[in-house]
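Enquirer: One structure follows; several queries about it will come next.
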Amino acid sequence: MAVASSNKKSARRRHLEAAINYPIDWLEERSGLVGGIKYFLFRKVPGDTNWFHTLGSATLTAFLIQALTGAILAMYYKPDPQNAYQSIQHITNDVTLGWLVRGMHKWGASVFIILMFFHMARVFLFGAYKYPRELNWIIGVMLLAIGMLEGFTGYLLPWDQTAYWATVVGINLNGTAPFLGPFLADFLRGGAEIGNETISRFYALHMLLIPGLIFALIGLHLYLVIRLGVTSPPWSSEAAGSESNGDAPKANGRSGLTQPAARSGWRRNGGEG
Amino acid sequence: MTEPQHGDRPHSPGPSLYPIAFAAGIACILVGLIVNPKIIVPIGAVIAIVFGFLWARDATEEFRGEPVHAIEPERGGPPESTDAPATPAEQDVDALTNERVPRNRFLEGATLGLGAVIGGLVTVPAIGFMIVPAFKGQGYPKVDLGPLSEFPEGQWRITSFFMRPPDGEVSRRTAYIRNNGALNGEPSFTIISNRCAHLGCPVQPNGPEQPDQTKQFDGKGGQKVTLTPVLPAGGFGCPCHGGQYDSEGNRTAGPPVRALDRYQFAIVDGRLILGKPFSVAKVDGQGKDAKIHAYKLAGPGQHVDGWEQILYPLQPPH
């Protein structure tokens, strides 16, 4: 009896499935989003990927946490010289769970930077920056640079003595760059001296401009990861990890790829190598 | 997941006027709320309810198992006439290649050009708004530091004040001021900025301060001047990276690239007026006899003399 009922779907179950599938199919027919997400999440990767390959996703997660906690902190923070410090004290001491969200944002910033460096080290040591992935390395370096800029602009916002003088030193460091340095320093300060403009300027950079740029570059970064696929580790027996096997270019001109189209190609080459 | 083929299937449900009538009912309600809530709103509500019901019934025909009206499917693609010698499209291509400026290229250029103009109209002011104010009206205002009697001859005063009183505490600056006595019948002052010539941290006096003798006064313009006597034994030192200066502001040790900046001053009606700051490469001699190698104000860490000065040929207008 139980076997029979599990084999043959009941009418109730068919209705339920139809009710669940209908909105998904509706969305898919009009946008292709469902297929796109499946393509992104269930794409083929080399068989011997390992935990080191998760560092990029970890960095992305750290950034998303920063974006989320930052957006919430912005609801309570007041970016002007008279109120900034008091609003940070208010967040830390008075607002429910403010100490936690601020702590997540503060320590998460370091986690984000550290994970970027770990991810970079993995890519470097695995040789994953080589052809055809040079552009993704370049985008990654840009992300590292503007990630640091995000840290620099965020450091001023607590508006305590450490924040203030560290920013004075940081801006003046920029000012010692040859030729355009003095102008860069004035641009960052919003004038000749740190004043009312500086903190709101850093806030706008920290909240809007730089995160927007980071989101855009992460989009490009992920697009290239999907397009070019994941590299095998150097010790892999698969060709994707050792691309210098001197073969003629593959059918689609891209070597070492785990795209479905290219996958059969490098499987075969791996077997020969 | 296969690509959906729109061309093969009719839109379901078919086009209907019910949603438009429903929208008209809603609009009637909204207008009625302003014009006459008692009469027009109920009329609109009736229209919206009736046509909303009809629309819902019409839209759910398929699911309720009622017969769907047959609709001619829309099909894409060119007409199926394979025996024609040249399709209209090919004739268009021939005509285009003979034109001097083909229409599609003109339209493409016009679109890109208009886009560039609109983009420029939006971005140029925005970028100018971001950058230019940082370089405009950035002068140093004159600051009244009080009567000369507050600065006894030969003594140092740690003088802190609001550079721009409306900006408040964020504009507080500190200078070390010493009255050098009269030089050729005019008062002489040494006014050293506390901005370290390395990277701009606040330089501290190495000698003991006498905070119990601190004097404060708000000043005429709200400068909130604070004067604290200090014994300048050992000159000045920076807490950040260890730069050391003698009591004339000359670098004696550490990373600074030049001497401490100084301020110009004026005496107006017996009061000390602080002027513009300027940079100093080094100071020969002491007190009122000092020979100051003065330069236009440069940022901390920037050389004003020696070969390195070619790295900083231009300074923003201050």
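Values in this text are rule-based calculations from the coordinates and carry no lab data. Remember, it's a predicted structure, so these values are computed and weren't measured experimentally. Cβ atoms come from the backbone with ideal geometry, glycine included; neighbour counts cover every protein chain shown.
Enquirer: Would you mention how many residues in the range B:211-252 are among the acidic types (Asp, Glu), over 26 Å from B:Pro141 (Cα atoms) and surrounded by 13 or more Cβ atoms within 10 Å (Cβ to Cβ)? Steps first, answer last, please.
Expert: As a first pass, look at the range B:211-252 and keep what is among the acidic types (Asp, Glu): B:212, B:218, B:246, B:248.
Still in the running and over 26 Å from B:Pro141 (Cα atoms): B:212, B:246.
Retained after the next criterion (residues that are surrounded by 13 or more Cβ atoms within 10 Å (Cβ to Cβ)): B:246.
Residues flagged as among the acidic types (Asp, Glu), over 26 Å from B:Pro141 (Cα atoms) and surrounded by 13 or more Cβ atoms within 10 Å (Cβ to Cβ) within the range B:211-252 amount to 1.
Enquirer: Let me ask something else. In the range B:164-193, which residues are touching a residue at least 60 places away in the same chain (Cβ under 8 Å) and within 14 Å of chain A (Cβ to nearest Cβ)?
Expert: B:Ala175, B:Ser193
Enquirer: Quick one: which of A:Ile37, A:Ile88, A:Ile72 is touching a helix residue (DSSP H, G or I) at 6+ places or on another chain (Cβ under 7 Å) and among the hydrophobic types (A, V, I, L, M, F, W, C)?
Expert: Every option except A:Ile72 fails the conditions.
Enquirer: Something else about it: A:Arg201: more than 23 Å from A:Ala67 (Cα to Cα) and at the interface with chain B (Cβ under 9 Å from one of its Cβ atoms), yes or no? Walk me through how you get there before you give the answer.
Expert: Working: more than 23 Å from A:Ala67 (Cα to Cα): no; at the interface with chain B (Cβ under 9 Å from one of its Cβ atoms): yes.
So A:Arg201 does not fit the description; no.
Enquirer: Quick one: B:Gly139 ticks every box in (1) assigned to a loop (DSSP other than H, G, I, E, B); (2) surrounded by 15 or more Cβ atoms within 10 Å (Cβ to Cβ) bar one, so which box is it?
Expert: Result: B:Gly139 passes all but (2).
Enquirer: A further question on this structure: What about A:Leu33, is it under 23 Å from A:Leu217 (Cα atoms), more than 14 Å from chain B (Cβ to nearest Cβ) and either surrounded by fewer than 18 Cβ atoms within 10 Å (Cβ to Cβ) or more than 24 Å from the chain's Cα centre (by Cα) (or both)?
Expert: So A:Leu33 fails the test.
Enquirer: I'd like to check which helices (runs of 4 or more DSSP H) are fully inside the range A:118-189 and have at least 3 residues that are within 14 Å of chain B (Cβ to nearest Cβ).
Expert: Here the list reads A:161-175, A:181-189.
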